[in-house]
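Quick notes on the structure that follows.
Values in this text are rule-based calculations from the coordinates and carry no lab data. Since this is a predicted model, take the numbers as computed values, not measurements. Backbone-built Cβ (ideal geometry, glycine too); neighbour counts: all protein chains shown.
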Ligand code: T4K
């Protein structure tokens, strides 16, 4: 990295370190020839959607990977969550963490169910069962846990809580395909789990998702609801929507699955470099995954402690973006503070862990689009930025300067 002093930083007029920006969420792409062969076969069959052979095969493979007995592929995870919410007839309030992507809450409120936001655990960033318990009211019908960053929730405690209080338990597993927990693979827990295969996910089908469940009757209901409520030709037995996955999406999903181990290897390598380098930078730490359970290592989440780095997370993100490192601030500002949920009459609840995390975390680029030396360069850049913190603060335009927390 050829930056010697603060004036070399792109935010102050220097040349950006990366001419081609590095993205968080750059898609992993498997073997193109295998994908193209599947697309050719699809055209030859002239079967493009509506439960075609690629979708059936993709569902079978998802069951194999997760160990779930039933899988229903859908057009995206948001629709998948909505189908599950409708299939259970959820009403009133459902407890969800505020530290998640907004789709988890939108799926509820889109269907007229009120999301009630709870806090997360400061170490795992997953839903905190103690916080959930304090939010339960007579109107509560379910809990939606999120396996944030691919880290499994506290499964036994949540199962016990849902059981005791007679609540449905759903998992938003959008981040967690091919991830494990001490209790088994993600996909077999709760009443249902919902994966995302969006392009930015570790394993993608362009857009797509899947619901897994151990309940055969629920699986049947979801299959019908995914296809307008059709139970057979000319026979509509329930209301439904169009949640179907297309054949070309399933072709991409199947091709991605064939390269899944390579994607994990590259992610693990990148994560290892980030961990080694970032742990040596005062004030930065890396979110870690327990060695004893499987992870897809899709998210590289760094936490900033401004009192030690001298710079806030937002200032560091501004500096990185100017250099072409498009770091993200997921899930800023917390759903409980987003306009549809946290303004006007619905004043945001105070969720201390979430409120702290949304100020501290940033996601760094990984995936198969990142070369090893790109990762090292990003780490060198972070080290340089933190070493130059005082000069940066002096150099910064006062109105760009985000307050350094005391
Ligand atoms: N639950 C959770 C916990 C989730 O995280 C999500 C989705 C869902 C539910 C809902 O799942 P789906 O209904 O989507 O299946 C992105 C994704 O759009 C979203 O799927 C994902 N979570 C979320 C965490 O990230 P944005 O608004 O950040 O996307 P965007 O357009 O800013 O793209 C992210 C970065 O990736 C950019 O730097 C551009 C880059 N990119 C993106 C695409 C699509 C590429 O380089 N190539 C691409 O093809 O939401």
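Only DSSP H runs of four or more residues enter the estimate; each adds -39500 (n - 2.57), and after division by the residues of the chain the mean residue ellipticity at 222 nm equals -11500 deg cm²/dmol. Sorted fewest first by neighbouring Cβ atoms within 10 angstrom, 282, 8, 261 come out as 261, 282, 8. Listed peptides 147-156, 353-362, 216-225 appear in the order 147-156, 353-362, 216-225 once ranked by packing, highest mean of other Cβ atoms within 10 Å at the front.
Footprinting exposure proxy ranking of 372, 193, 323, fewest other C-beta atoms within 10 angstrom first, gives 372, 323, 193.
Compute the angle between helix 155-165 and the longest alpha-carbon principal axis of the chain, please, reported from 0 to 90 degrees and rounded to the nearest 10. Roughly 50 degrees between the two axes. Axis angle, to the nearest 10 degrees, between helix 32-45 and the longest C-alpha principal axis of the chain: 30 degrees. In the range 286-372, the alpha-carbon atoms span a convex hull of 161 Å³ per residue. Give the distance, in whole Å, between the Cα centre of the range 196-271 and the Cα centre of the range 42-72. Taking the Cα centre of the range 42-72 as reference, the centre of the range 196-271 is 8 Å away.
Translational diffusion coefficient, Stokes-Einstein: compute it for the range 32-258 using the Kirkwood radius over C-alpha pairs as Rh, at 25 °C and 0.890 mPa s, and state it as an integer in µm² s⁻¹.
Translational diffusion coefficient: 139 µm²/s.
The residue 235 and residue 215 beta-carbon pair, evaluated with R₀ = 30 Å, returns a calculated FRET efficiency of approximately 0.85.
Let me see the P(r) profile for the chain: every Cα-Cα distance counted, bins of 20 Å, each bin given as a percent of all pairs. In order of increasing distance, the bins hold 27, 54, 19, 1 percent.
Percent of alpha carbon pairs in the range 174-261 separated by more than 17 Å?
57 percent
What the Cβ-Cβ distance of residue 350 and residue 39 gives, at R0 = 45 Å and to the nearest 0.05, is a FRET efficiency of 0.30.
Convex hull of alpha carbon positions in the range 208-331: directionally averaged projected area 12.2 nm².
Contact order, relative form, for the chain: 22 percent (alpha carbon pairs under 8 Å, 6 or more residues apart, mean separation divided by residue count).
In terms of the mean number of neighbouring beta-carbon atoms within 10 Å, the peptides 133-144, 85-96 order highest first as 85-96, 133-144. Going from the fewest other Cβ atoms within 10 Å to the most, the residues 336, 106, 175 appear in the order 106, 175, 336.
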